[in-house]
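Working notes, structure below.
The values are calculated or read from the model by the stated rules, or taken from the named source; none is laboratory data. Note that the coordinates shown come from a computational prediction; the quantities given were computed from them, not determined experimentally. Because the Cβ atoms are built from the backbone with ideal geometry, glycine has one as well, and the counts that use them run over all protein chains shown. SASA here: full protein model, heavy atoms, side chains in, ligands and nucleic acids out. Shrake-Rupley method; radii C 1.70, N 1.55, O 1.52, S 1.80 Å.
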Amino acid sequence: MGLLSSNKIFTRHGAQQQGIREACQMARDILLKTAALAQVGITTGEVDRAAAAEMKARGCKSAFLGYRKFPGHICISINEEVVHGIGGPRVIQDGDIVKIDVGIEYNGWIGDNALTVPVGNVAKETLHLLAATEESLHVAIRHARDGWMLGDLCASVEEHVIQYGYTVVREFVGHGVGRKLHEEPQIPNYGRKGDRPRLKSGMTLAIEPMINLGTAKTRVLSDNWTAITQDRKPSAHFEHVVLVTEKEPEVLTLRKRMFPKGVEDLTPLPVSALF
């Protein structure tokens, strides 16, 4: 896999870093307030409308609404739906896993993050998928360091999840983020160690593992947005925006982990405990 050259990638410093930091913190807060609504009996459309109201109250706007004609304020995807689900009449059921992806624009900067919420009595094998996916995100974050290769970061996700027999979605990837929702570089959740570009202090990266219990293959439904697994087995999605620094990576959308011990303890923390 050849990744793009680093001269196409923005680095931000000083007031620019603070601008994206504020947008990411706001996106984090909206994500957690929205995700707490993912409970039995509520519709995905109601969750979307609640997110829109929260954005309005905070003086920001959805980065997704209208993007390439996307009709939702957030992406909300259930079970075999991988990403880009649209809020509507579907009612969340006991045992569902609900992926919520929130992107906002605030003062000209983008914040973007996602998590997967288990609702009620979720199967143990599905909880393991969630825990491993969240774990792989934090493995990747450890590679977001000045001077390190992007290929190492990308490869680390797949290397982590294949030990459990899971597969990595190929069609959808992470990305740089800043003034625009999608900037360079693309950040696949697979790759070849040592591949360029070399990461530099000031880069802001949206890292987002999308991991499947079964096949890696996906297809897009007739709404032209919602992507599902071809075998209809569950898929998990977690995302953070990370600032590369000369020291430790700074997670700009930082929240507590849903599975603090990873796959060693499959009892998820409630969303209310992630603030």
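For this structure, a couple of remarks:
- Breaking point among (1) open to solvent by less than 50 Å² (accessible area, probe 1.4 Å); (2) in a loop (DSSP other than H, G, I, E, B), for Arg232: (1)
- Residue that is nearest to Lys33 (Cα to Cα), among those in the range 94-116 that are part of a strand (DSSP E or B) and open to solvent by 10 Å² or more (accessible area, probe 1.4 Å): Asp101
- When Arg145, Arg192 are checked against the criterion of being crowded, with 17+ Cβ neighbours inside 10 Å and in a loop (DSSP other than H, G, I, E, B), a single residue qualifies: Arg145.
- Residue check, Arg58 basic (Lys, Arg) and touching a His at 6+ places or on another chain (Cβ under 8 Å): no
- Single condition Asn121 does not satisfy, out of (1) open to solvent by less than 30 Å² (accessible area, probe 1.4 Å); (2) not in a helix (DSSP H, G or I): (1)
- The residues of the range 62-74 that are touching a helix residue (DSSP H, G or I) at 6+ places or on another chain (Cβ under 9 Å) and surrounded by 20 or more Cβ atoms within 10 Å (Cβ to Cβ), listed by number, are Ser62, Ala63, Gly72, His73, Ile74.
- Qualifying residues in the range 196-220 (those that are open to solvent by 20 Å² or more (accessible area, probe 1.4 Å), aliphatic (A, V, I, L, M) and part of a loop (DSSP other than H, G, I, E, B)) - the one nearest to Phe238 (Cα to Cα): Leu213
- Some residue of the range 195-215 being closer than 20 Å to Ile9 by Cα, touching a helix residue (DSSP H, G or I) at 6+ places or on another chain (Cβ under 6 Å) and among the β-branched types (Val, Ile, Thr): yes
- One residue stands out in the range 47-61 among those that are out of contact with any Lys or Arg (no Cβ under 7 Å at 6 or more places or on another chain) and touching a residue at least 24 places away in the same chain (Cβ under 8 Å): the one that is surrounded by the fewest Cβ atoms within 10 Å (Cβ to Cβ), namely Gly59.
- Only one entry of Phe275, Phe259, Phe172 meets the criterion of being hydrophobic (A, V, I, L, M, F, W, C), in a loop (DSSP other than H, G, I, E, B) and open to solvent by less than 10 Å² (accessible area, probe 1.4 Å), and that entry is Phe259.
- Residue pairs whose Cβ atoms lie under 7 Å apart, separated by 6 or more positions or on different chains, with the first residue in the range 231-257 and of a type in the set (Lys, Arg) and the second outside any loop (DSSP other than H, G, I, E, B), are Lys233/Asn212; Arg255/Arg28; Arg255/Leu32; Lys256/Ala273; Arg257/Glu134.
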